[in-house]
Amino acid sequence: MKNQLYYGDNLAILRQCVPDESVALCYIDPPFNSKRTYNQIYNNIGTEDKAQAQAFLDTWTWNFEAQKGYDEIIANTYKTQTQQSIELLMGLKNILGQGELLAYLVSMTQRIAEIYRVLQPTGSFYLHCDPTASHYLKLVLDCIFCARGGDFKNEITWKRYAVHSLSKNRYDAISDIIFFYTKTEKAPFKLQYENLSAEEISKKFPHTEAETGRRYQHVALEQSSNKQSVGQERIIQGRKVKSALGWRWTQETFDARLAKNPHLIYWTETGKPRYKIYADEYAGRPVSNIWTDVPYLSASDGERLGYPTQKPEALLERIIKASSNEGDVVLDCYCGCGTSIAVAEKLKRKWIGIDITYQSISVILKRFHESFGGDFTKDLIDKETKQVLRPAQIQLVGVPQDFAGALALANRQDDRVRKEFEKWFVLRFSNNQALINDKKGGDGGIDGIAYLLDTDEKGKETYKKIIFSVKSSKTLNPSVIRDLAGTLEREQAAVGYLLTLYPMPNLEKEATKYGNYESKLFQRTVQKIQVIDAQMLFDGELLSLPTVDVLRTAERKKKTDVARDLFEERED
């Protein structure tokens, strides 16, 4: 199958696009960033929970969608629920009432049931959450997985931070919870290992082999579990030795291993043979359910992409290696900035990624372009022969590809994706170089900002704002241009773009009245206010100014280099 990246509601996509028993491994890190205490959540007291992303600000409220989801669970409309999950939600409603937490649990129960459906019989599921609602989520998981013969494997505690705040009335919260379930006992699992520090290696392997310089420890060759070999003789390096306990190896194993390494045996002062375990052959410390060796990404970490809830690749690498094989399908239906699917790509797995925000989709596409080279969503075609050199590696679904798609996105009524049209237009036009203004109202006429590299009067490099304002109305009057001009003046911005769903010749004419901007660094003149409609975007019109990358690139180039590279590429 081709790797699949979906833009939209994961519940609808799971139901419509992901077949039964088609996924080997699913990992999700759903947004739920409560600031309440346990008692406040339990009693539905306090201000409304806010999720991690703007698109989810209204998700965890008890509204029509929450009631509809609850009714679907109780009626088992899609035949994915168990009797236990139905009765659990009924009980939770009695305890919690119709509030934010129940809305969250309804949403998660619907999606966990679909994830169970799409998992292969040998499939594994990892759910990443914080301790705020982990106890409720485990009940949901038990009711959906264990009620059907699935298995709860582990509650993993990942130490995200060092102690970073001193509270007078509680212990510092520095960990996340990751639940690990399998659909059946047949699920594959490969034990993972954590590397030891140099100091730990020195302590664990205190001896150095004179002949080779290799560090080692020595352990007993006799073990009481092999009673059938008690009193038997072994010939080891020409010596005949009897064991009162029993031998770890047969004579054939001794001969084979000594033939491979004649220095393998260590003789004690009392003449007992022991064998050497070498530091350079040591796999590492077996990983337990307490993960302290995978550090959270610091603000200056080279892996950072500018995405607030980004997880380290090492975390996902451990999970994917442990519970899948090359060629398996990995699913992440809350894929955010795409860490899980990027790691799956590196580890030669197939993958399905889903996210409801275009910001996430744009970050993922940019990440893949920088990490793996090229646009994976399109066929790579030879310019001369027109032959396909490499077919598209990613099937991109749900992103507008024509005017009809843009119109549908602009008219979408789902509150969870308000401003998605603006985000898509700004990011698509700016080649993902803009910052999105997430405010729902009172945005000051700014839907996005990019930064233009230039020089000041003294020749010193500086960064100037580019303002984006998006309008989806069919009719607009010239006052919109005048408003944008006022915004540019207020923000001391260099250039402004009015991005419109429909063509606006009257506004294009009005925009010419505001003159040009001259780039001193690149000696280029552009119109100060420009009008770009959706069809122009699909015809290939993109921002061509030398902008500074607002998300950190995979190569970690200097900002100046990034801007110049972008400018040169677009000029070519």
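Rule-based calculations on the coordinates, nothing more; no lab input. Quantities reported herein were computed from a predicted structural model and do not represent experimental measurements. Cβ sites come from the backbone with ideal geometry, for glycine too, and all protein chains shown count toward neighbours.
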*Summing Lys, Arg as +1 and Asp, Glu as -1, what charge do residues with Cβ under 10 Å from the Cβ of residue 195 carry, residue 195 excluded?*
-2
*What is the local net charge at residue 184, summed over the other residues whose Cβ is closer than 12 Å to its Cβ (Lys, Arg +1; Asp, Glu -1)?*
+1
*Starting with the fewest neighbours, write out 324, 229 ranked by other beta-carbon atoms found within 10 Å of each beta-carbon.*
229, 324
*asked:* Could you check the spin-label model distance between residue 154 and residue 403? Points 7 Å from the Cα along Cα→Cβ, value in nm.
replied: 5.5
*Out of 466, 254, 61, whose Cα points farthest toward the positive end of the dipole of the chain (charges: +1 Lys, Arg; -1 Asp, Glu; placed on Cβ)?*
254
*Expressed in nm to one decimal, what extension gain is obtained for the pair residue 518 and residue 379 from 0.36 nm per residue of sequence separation less their Cα-Cα distance?*
46.3 nm
*If each residue's Cβ is checked for other Cβ atoms within 10 Å, how do 490, 160 rank with the fewest at the top?*
490, 160
*Can you tell which of 97, 372, 207 lies farthest toward the positive end of the dipole of the chain, using +1 and -1 charges on the Cβ of basic and acidic side chains (Lys, Arg; Asp, Glu)?*
207
*Report, for the chain, the % of DSSP beta bridges that are antiparallel, rounded to 5.*
60
*What size of dipole, in debye to the nearest 20, comes out for the chain about its Cα centre when the only charges are +1 on Lys and Arg C-beta atoms and -1 on Asp and Glu C-beta atoms?*
1560
*asked:* Using Cβ contacts closer than 10 Å as the measure, can you line up 504, 1 from fewest to most?
replied: 1, 504
*Select from 1, 325, 283 the residue farthest towards the positive end of the dipole of the chain; place +1 on Cβ of Lys and Arg, -1 on Cβ of Asp and Glu, and compute about the Cα centre.*
283
*So what are the ³J(HN,Hα) numbers for the stretch 485-497, from phi and the Karplus equation (6.51, -1.76, 1.60; θ = phi - 60°), rounded to whole Hz, Gly and Pro as x?*
5, x, 5, 4, 5, 5, 8, 6, 8, 7, 9, x, 10
*Fully extended, how many nm does the chain gain between residue 237 and residue 204 (0.36 nm per residue separation, minus their Cα-Cα distance)?*
9.3 nm
